[in-house]
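Read the structure below first, then the notes.
The values are calculated or read from the model by the stated rules, or taken from the named source; none is laboratory data. Predicted model only: the values in this text are computed from it and were never measured. Counting neighbours? That spans all protein chains shown, and the Cβs are built from the backbone with ideal geometry, glycine included. When the accessible area is computed, the model is the full protein with side chains, heavy atoms only, and any ligands, DNA or RNA have been set aside. Shrake-Rupley method; radii C 1.70, N 1.55, O 1.52, S 1.80 Å.
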Amino acid sequence: MPRSNWAREPQLLSLRVWSLCSATREAAMVYGTVFHMNQGNPFKLKALVDRWPDFNTVVIRPQEQEMADDFDHYTNSYQIYSKDLKNCQESLSTSNIINWKQHLQIQSSQSSLDEVIRNLATTKFVKVKQTQCILYMMSETARKLLPSLPETKNLPAGYGRPKAINQEMFKLSSLDPIHAAMVNKFWHFGGNERSQRFIERCIRTFPTFCLLGPEGTPVSWSLMDQTGEVRMGATLPEYRGQGLVSHMLFVHAHTLDKLGFPVYNHTDRANKIVQKISHNLQHIPMPCDWNQWNCVPL
């Protein structure tokens, strides 16, 4: 008989989510998170399913002891995928999987979850703000996870390469936690103390890449978060227009792919520069979106 009451099966779950990825593109983000959980789980996440082994809904969230700050929506973060939206709403409404009394964020590549989340938020007296962006996947990752995707069949083998940079002036390196304040200043979702602590944790935990400028300090960088997504990339204003971010994303994605990691990123629909960079690097825009719902108790 299937087990219920939100079973925890992270190792077996990764295999089942992998099979889902070949059938639906909307499970790819959850797969990326589960993949990193199985690489030591440095962010202390847990994967929960409504039933096992025949589950409909997957929720990934931090362990309870990690969510001590009710106002830290960077840590109080959930990833959701569901094959049955009605089941998802019913299951989440009758459980304490999501702590609606906290400031939190929910991420998913299923834009159809918007109605579910808003319905739940109404009953829990929570204000919701949705951010919707373009989701890109590295071509090599798409070939592995989504071989049926038409876009993967029209790309040449290998990686899209950016234009060359001045390697005498810019040296490849990695970030230190002391650089978190600089990253935080330029991160669209950051700019506060809690986001800086989150960035420091990402720097300590995951591979980071940066280019050191003539003064020996970072002038361009890219990071990875607990979902496995490459993000927070930026270049100092005075060094923009030299292809540095393109170089960073190429090196970062290439390195992660060689390690066997799934590689994806998102960008705002208005950010034509990053869209052009992603196109030049042969990253594939997914038919589904990158969604984030920020939830605040009323």
Normalised convex hull volume, the stretch 220-294, alpha-carbon set, Å³ per residue = 114 Å³
Report the residue, chosen from A181, A164, A28, that carries the largest GNM mean-square fluctuation when the chain is represented by alpha-carbon nodes joined by springs under 10 Å.
-> A164
On each of the three principal axes the extent of the alpha-carbon atoms of the chain, given in whole Å and largest first, is 62, 44, 35
Can you work out D for the stretch 257-298 in µm² s⁻¹ from Stokes-Einstein, where Rh is the Kirkwood radius over C-alpha pairs, the temperature is 10 °C and the viscosity is 1.306 mPa s?
-> 125 µm²/s
In order through the stretch 275-286: 3J(HN,Hα) via Karplus (6.51 cos²θ - 1.76 cosθ + 1.60), integer Hz, x for Gly, Pro | 4, 5, 4, 4, 5, 5, 8, 6, 6, 9, x, 7
For a quick protection proxy, order the peptides 136-144, 83-91, 247-255 by their average other-Cβ count within 10 Å, most packed first.
-> 136-144, 247-255, 83-91
For the stretch 82-181, what D do you get in µm² per second when you plug the Kirkwood radius from alpha-carbon pairs into Stokes-Einstein at 25 °C and 0.890 mPa s?
-> 134 µm²/s
State in Å² the accessible area per residue of the chain; use a 1.4 Å probe, count heavy atoms of protein chains only, and round to the nearest integer.
-> 46 Å²
Distribution output for the stretch 159-298: share of Cα-Cα pairs per 5 Å bin in percent, first bin at 0, values 2, 9, 19, 23, 21, 16, 6, 2, 1, 0, 0
Carbon and sulfur atoms: what percent of the 1.4 Å accessible area of the chain do they account for?
-> 51 percent
In the Gaussian network model of the chain, springs joining C-alpha atoms below 10 Å, which of L256, L145, L135 carries the largest mean-square fluctuation?
-> L256
